[in-house]
Amino acid sequence: MGRPDQVRTIHNAASADANGELTSCVGVSSVGVQISGTFTTAVVYFEGSLDKDNWDALQAHNVETGAVATSASAEGLWEVPVGAVEWFRARLDWTAGTSITVKVRINEAGVSSLADIDVQAQEDVDVVDRVGRLLGKVTNYDVLASGTLGAAEATVEIASANLGSAGLGITGTWVGTIVVEGDHGDSVWRSIPLIHSLTAAAVTSTTANGSWFIGLAGFETIRVRMSAWTSGTATVYIEGTSAPAGVWLSRSLPTGVNTIGYVVLGAGTAEAGSVGYRPYTTAKSGQITVAAAGTAVVGTTEAGSLFAIKAHPDNTDVIWVGQDGANDVTSSNGFPLEPGETIVLNMANLNQVYFDADVGTEKVCWIKLA
């Protein structure tokens, strides 16, 4: 078997249904898969497993087109994240054609070669990986744990102080609810979201088998807990790694409502299929006069998202800009603007700020930028 950063063939001119040679993913972040050959009808399914018995679909990214899919029916080059699984395979469903060849490249940064170890059988691969880690040949050392949850409040734990992320797999026949929690070292268990390896959907619990990614940074210990149990036994596999949790930007957002940030549209027009707003087509500006020194004036009611505010160049003293939380501003809590000075504020409406002056009848100029 080829070692990390080497290319090997898992289907060689195949022309029949086959699972192909399995690929060990211990400590591996992703695999590159190249499909070639002459075929009219064939499908290669990208699949991962924690125990070599139960296989789940994995999303792959076509490096040429940017498409994301769990299978391929044409020649091409794909990248498949495998951090959540122990094993990868490219299962072939053959129908017609001459033959198909599938090659795999294992991507594992910071790993020394173990080519001096002669691997005669696939069953030896995980043994070699673990020996390599014990010898310090894998720099992003993994932590492995497994166990069963067959009763309410049953748990499986791993020490996670030096880990950045983990893969979680759950198999078995059971009825209940499973959650993942982390402890910062203060004996308080906090809920950790689970990111589904296939759909990328984030949840705080699961009632079904599957594979997930977990972010671990900052936790000393994590546990998988059966928070509610009715019957059966769930088998849990956890593999933690020092590699940080990642985000695959080519994936589509899960169906439903997805909170990705805070965007103030104001009077702008939202663009379908985009994040943010279209700039205002009509610029607007104005001036505000502070009639009496020491008496704050509220900003003009004008919706927007970005405003430039300038102390009038003919002013003779300081203008104070701000909001003290009680709809006021003074020289003791405001932001000072000398004559001619400018500040840019990101806010939903100009009436969110107040203006005061050291001298009466001083002016503030403003223009809406977006």
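Got a sec? Which of Val179, Val156 is over 22 Å from Ser29 (Cα atoms), touching a residue at least 60 places away in the same chain (Cβ under 8 Å), among the β-branched types (Val, Ile, Thr) and touching a Lys or Arg at 6+ places or on another chain (Cβ under 8 Å)? Step through it out loud before you land on a result.
Working: Val179 fails: touching a residue at least 60 places away in the same chain (Cβ under 8 Å).
Answer to the check: Val156.
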Worksheet item: Got at least one residue in the stretch 62-74 being modelled with pLDDT of 85 or more, within 15 Å of Ser197 (Cβ to Cβ), buried (at least 21 other Cβ atoms within 10 Å of the Cβ) and not assigned by TED's automatic domain parsing to the domain that holds Ser197?
Response: no
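For residues in the stretch 179-215 being outside any strand (DSSP E or B), of a type in the set (A, V, I, L, M) and within 19 Å of the chain's Cα centre (by Cα), which is surrounded by the most Cβ atoms within 10 Å (Cβ to Cβ)? Don't jump to the end; show me each part of the working.
In the first step, residues of the stretch 179-215 are kept if they are outside any strand (DSSP E or B); the result is 184-188, 192-193, 197-201, 204-205, 207-209.
From what is left, the residues that are of a type in the set (A, V, I, L, M) are 188, 192, 198, 200-201, 208.
Subsequent filtering for residues that are within 19 Å of the chain's Cα centre (by Cα) retains 192, 198, 200-201.
On the way: Ile192: 20, Leu198: 15, Ala200: 17, Ala201: 15.
Here the residue is Ile192.
Can you report the number of residues in the stretch 281-316 which are assigned to a loop (DSSP other than H, G, I, E, B), loosely packed, with under 14 Cβ neighbours inside 10 Å and at pLDDT 90 or above? Break it down into steps so the answer makes sense when it comes.
Kept after step one, since they are assigned to a loop (DSSP other than H, G, I, E, B), are these residues of the stretch 281-316: 281-283, 291-296, 299-302, 304-305, 312-316.
From what's left, loosely packed, with under 14 Cβ neighbours inside 10 Å: 281-283, 291-292, 294-295, 301, 313-314, 316.
From what's left, at pLDDT 90 or above: 291-292, 294-295, 301, 313-314, 316.
Residues in the stretch 281-316 being assigned to a loop (DSSP other than H, G, I, E, B), loosely packed, with under 14 Cβ neighbours inside 10 Å and at pLDDT 90 or above: 8 in total.
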Given the structure, is Val344 in a loop (DSSP other than H, G, I, E, B) and in the same structural domain as Thr295 (by TED's automatic domain parsing)? no
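Per-residue answers, yes or no, for (1) crowded, with 21+ Cβ neighbours inside 10 Å; (2) in the same structural domain as Asn107 (by TED's automatic domain parsing); (3) not β-branched (Val, Ile, Thr):
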| site | (1), (2), (3) |
| --- | --- |
| Val26 | yes, yes, no |
| Val31 | yes, yes, no |
| Gln34 | no, yes, yes |
| Asp51 | no, yes, yes |
| Ala57 | no, yes, yes |
| Ala90 | yes, yes, yes |
Pairing a residue in the stretch 52-68 that is under 17 Å from Tyr237 (Cβ atoms) and among the polar types (S, T, N, Q) with any residue that is surrounded by 15 or more Cβ atoms within 10 Å (Cβ to Cβ) and at pLDDT below 85, where Cβ atoms lie under 8 Å and the two sit 6 or more apart in sequence or on different chains, gives none
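Do we find that Ala72 is touching a strand residue (DSSP E or B) at 6+ places or on another chain (Cβ under 9 Å) and farther than 24 Å from Asn12 by Cβ in this structure? Outline the logic, then answer.
Details: touching a strand residue (DSSP E or B) at 6+ places or on another chain (Cβ under 9 Å): yes; farther than 24 Å from Asn12 by Cβ: no.
So Ala72 fails the test.
Only one of these is in a strand (DSSP E or B) and either modelled with pLDDT under 80 or touching an Asp or Glu at 6+ places or on another chain (Cβ under 6 Å) (or both): Gly240, Gly218, Gly232, Gly246. Name it.
Details: Gly218 fails: in a strand (DSSP E or B); Gly232 fails: either modelled with pLDDT under 80 or touching an Asp or Glu at 6+ places or on another chain (Cβ under 6 Å) (or both); Gly246 fails: in a strand (DSSP E or B).
Testing whether each residue is in a strand (DSSP E or B) and either modelled with pLDDT under 80 or touching an Asp or Glu at 6+ places or on another chain (Cβ under 6 Å) (or both) leaves just Gly240.
The values are calculated or read from the model by the stated rules, or taken from the named source; none is laboratory data. From a predicted model like this one, the values you see are computed outputs, not experimental measurements. Here Cβ is always computed from backbone atoms with ideal geometry, including for glycine, and neighbour counts include all displayed protein chains.
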